Amino acid sequence: MRSPADLEAALAGLTSPVKLVFFTQTFGCETCLPARQIVNRVAALSDQITVEEYNLVIDKEQAEAYGIQRVPAIAVVGAADTGIRFYGAPDGHELVSLVESILLVASGEPGLSDESRVRVADVDQPIEIQVFVTPT
Amino acid sequence: MALANEHITAAAVAAAEYPDLVRQYQVTGVPKTIINETGEILGAVPEAAFVSQMIAALGAGSETPRPGETNDGPA
């Protein structure tokens, strides 16, 4: 796992724009504010990172467009939506994953082995991957 | 995976914040990966094994492990 200093340096070197689309709601979301603060801190590390915020209840069109049903949620978007989502305040290890996914999206490369890429390219049905994690 | 194929979406879910999902998918340890609602991968597995299990989950039904069981791989 890379150190915070390594991650900050990597983000500072970003050369492609990445957008963090953040979904929140006004009431009943205790971790929405902490999540937004973490998103702000990450975005501050690079001019290439921008943040858009939408309200799950008020901005229904955007919520549907990104397939968001729960908050807090972060969609990592490069040239187009990548289908990468983070649900919950990204602490600890999840923060590392968020930063690494930003780097991955900016690079435009999936970062998989050649063999994996071939196998995955053949998939023509929707696959929804949900990985349950904890901060430590 | 999500970057490699536009049909694939990938979400990291903070287990502590969504107890209803933890119950729904019977998450008792992390990481636990759910593929299309029914496929399960327990723990961290090597990339090739992940791809295999992900693709196997598409043929939902007989191939997917029942909750609490796992096909192979270290926990």
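Throughout, read-outs are computed from the coordinates displayed, never taken from laboratory work. As the structure is a prediction and not an experimental result, all values here were calculated from the model. Methodologically, a virtual Cβ is constructed for each residue, glycine included, from the backbone with ideal geometry; neighbour enumeration extends over all protein chains shown.
In a fully extended conformation the segment linking A:Asp47 and A:Thr134 would gain 28.4 nm over its present Cα-Cα distance, using 0.36 nm per residue.
Listing A:Asp81, A:Asp47 from the residue with the fewest other Cβ atoms within 10 Å to the one with the most, what is the order?
A:Asp47, A:Asp81
To the nearest 20 debye, what charge dipole does the protein assembly as shown have about its Cα centre, counting +1 at the Cβ of each Lys and Arg and -1 at the Cβ of each Asp and Glu? Write down the numbers at each step before the final one.
On the way: 12 positive and 28 negative charges, 76 e Å.
Computed about the Cα centre, the dipole is about 360 debye.
Using a cut-off of 15 Å between beta-carbons, work out the net charge of the residues near B:Thr9 (Lys and Arg +1, Asp and Glu -1, B:Thr9 not included). Before the final figure, lay out each step's value.
Working: positive: A:Arg70, A:Arg85; negative: A:Glu64, A:Asp81, A:Asp124, A:Glu128, B:Glu6, B:Glu37.
In short, -4.
Please state the shape class of region A:19-67: rounded when a/c is under 1.5, otherwise prolate if a/b exceeds b/c and oblate if not, all from the C-alpha gyration tensor.
The shape class here is oblate.
Taking every C-alpha pair closer than 8 Å and separated by at least 6 residues, the mean separation divided by the residue count of chain A gives a relative contact order of 28 percent.
Given region B:15-56, report the % of alpha carbon pairs whose separation exceeds 16 Å. Don't skip to the answer; put the middle values down first.
Details: 305 of 861 pairs.
So the portion of pairs separated by more than 16 Å is 35 percent.
Arrange the following residues from fewest to most other Cβ atoms within 10 Å of their Cβ: B:Leu3, A:Leu45.
Fewest-to-most Cβ neighbours within 10 Å comes out as A:Leu45, B:Leu3.
If r is the Cβ-Cβ distance from B:Glu37 to A:Ser3 and R0 is 30 Å, what FRET efficiency results, to the nearest 0.05? Computed FRET efficiency for B:Glu37 and A:Ser3 comes out at 0.25.
By its C-alpha gyration tensor, with a ≥ b ≥ c as the square roots of the eigenvalues, how is chain A shaped: rounded for a/c under 1.5, else prolate for a/b larger than b/c, else oblate?
On the way: a/c = 1.59, a/b = 1.17, b/c = 1.36.
Oblate.
Considering only A:Val77, A:Val51, A:Val118, the Gaussian network model of chain A with Cα springs below 10 Å gives its largest mean-square fluctuation to A:Val118.
Got a sec? How would B:Thr33, A:Thr15 order by Cβ neighbour count within 10 Å, fewest to most?
Details: B:Thr33 23, A:Thr15 8.
Final ranking by Cβ density, sparse to dense: A:Thr15, B:Thr33.
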